[in-house]
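Take a look at the structure below.
The values are calculated or read from the model by the stated rules, or taken from the named source; none is laboratory data. Keep in mind the model is a prediction, meaning the values are calculated, not measured. In this analysis, Cβ positions are derived from the backbone assuming ideal geometry, glycine residues included, and neighbour counts consider all displayed protein chains.
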Amino acid sequence: MSRPLSELHVAVLMGGLSSERDVSLSSGKGCADALEGQVARVSRVDAGRDLAQVLAGLKPDVVLNCLHGDWGEDGCVQGILETLQIPYTHSGVLASALTMDKDKTKAVLGAAGIKVPGGGLFDRHEVASRHVIEPPYIVKPNAEGSSVGVYLVPAGANSPPAQVGAADWTYGEQVMVEPYIPGKELAVAVIGETTGPRALTVTDITPVKGFYDYEAKYAPGGSVHKLPAEIPAHVFEAALRESEQAHAALGCRGVSRSDFRYDDVKDELVLLEVNTQPGMTPTSLVPEQAAHLGMTYRDLVRWMVEDASCPR
């Protein structure tokens, strides 16, 4: 932004319509609180279908998009912001839509030479009725985040996850099924600076119980974060490099986060997915990595606003 931050009116989008609404409310509150005193005015917007009219009335200088999941993170809201010509944070329409589709993201990353999981898309009713690949495997929606609707089918399981075929399933008719990769859960935050994407560090995530599901991500004490991750140097450097490559290959802007599994027996690093609007909650990985490198939460939020632009 060319104008001083202290003169700006910033609208913080939060809440929204997706299954990740509660996480978004937490992210939005944190960012809005951090901006108080740094900008001229902060408007907290619980984004609904009337978002275009609300923003047209507010006339903010910048939109800080803290929405997660479908509609807010998949290019739809980004399209509204482009139409209204309001500078906004995070990725633009194409990168947002692309990264919300796990199958298409894997195709782009694979073409960029980054190792991604095997498996593929299957009809959810077929997945609920039989093992479409040999256990252990992971079943997850193709276009959701925050580990919503994710199931681990362990080795030796007698039956597939029946929940995927239930009448109240709301996460799409096709689901992603991938072989389970044993080992460490790793995450890398990337900041898209003008000189190119810059990876921050690598976090090793250990769930307190089970695997890294929604509760492990967001419940206080649900997981233990070790940063920098205690992994071999060549794996650490590969995670940083591949996160920057993924950010660039997918056309991401602002902040992104890449999630990996590292099989320490096979010495194999696999990039699972890229998140274009990572959480900014008290347990979130991106602000934790920034703080580790000396960037406070307030500094990070300030940078996000200063990085806003349109078109994106």
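Key figures for this structure:
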quantity	calculated
Number of positions in region 82-98 that are over 20 Å from Cys31 (Cβ atoms) and either charged (D, E, K, R) or in contact with a strand residue (DSSP E or B) (Cβ under 7 Å, 6 or more places away or on another chain) (or both)	1
Identity of the residue in region 1-27, in contact (Cβ under 8 Å) with a residue 60 or more places away in the chain and closer than 19 Å to Asp299 by Cβ, that ends up surrounded by the fewest Cβ atoms within 10 Å (Cβ to Cβ)	Met1
Inter-residue pairs, beta-carbon under 8 Å, first under 18 Å from Thr281 (Cβ atoms) and in region 291-310, second among the hydroxyl-bearing types (Ser, Thr, Tyr), 6+ apart	Ala291/Tyr297; His292/Thr201; Met304/Thr89
Hits in region 32-87 (condition: surrounded by 16 or more Cβ atoms within 10 Å (Cβ to Cβ), polar (S, T, N, Q) and in a helix (DSSP H, G or I))	Gln78
Single unsatisfied condition, Thr170 versus (1) under 28 Å from Glu237 (Cα atoms); (2) touching a Ser or Thr at 6+ places or on another chain (Cβ under 8 Å); (3) surrounded by fewer than 16 Cβ atoms within 10 Å (Cβ to Cβ)	(1)
Filtered residue count, region 271-302, keeping only those that are in a helix (DSSP H, G or I), under 19 Å from the mean Cα position of the chain (by Cα) and surrounded by fewer than 18 Cβ atoms within 10 Å (Cβ to Cβ)	1
Which numbered condition Pro282 misses (of (1) in contact with a strand residue (DSSP E or B) (Cβ under 9 Å, 6 or more places away or on another chain); (2) within 26 Å of Tyr297 (Cα to Cα))	(1)
Cβ pairs under 9 Å, 6+ apart, first in region 171-196 and basic (Lys, Arg), second part of a loop (DSSP other than H, G, I, E, B)	Lys184/Ala229; Lys184/Ile231; Lys184/Asp264
Residue in region 21-34 that is over 17 Å from Met304 (Cβ atoms) and small (Gly, Ala, Ser) present	no
Yes/no for Tyr262 being modelled with pLDDT of 95 or more and of a type in the set (Ser, Thr, Tyr)	yes
Qualifying residues in region 222-259 (those that are aliphatic (A, V, I, L, M) and out of contact with any strand residue (DSSP E or B) (no Cβ under 8 Å at 6 or more places or on another chain)) - the one surrounded by the fewest Cβ atoms within 10 Å (Cβ to Cβ)	Ala233
Qualifying residue in region 219-237 (condition: at pLDDT 95 or above and hydroxyl-bearing (Ser, Thr, Tyr))	no
Among (1) of a type outside the set (D, E, K, R); (2) in contact with a Leu (Cβ under 7 Å, 6 or more places away or on another chain); (3) farther than 19 Å from Val286 by Cα, the one test that Val12 misses	(3)
Hey, Gly79 closer than 22 Å to Arg253 by Cα and of a type in the set (Gly, Ala, Ser) or not	yes
Residues of region 239-270 satisfying the condition of being in a strand (DSSP E or B), within 24 Å of Pro179 (Cα to Cα) and touching a Ser or Thr at 6+ places or on another chain (Cβ under 6 Å)	Ser258
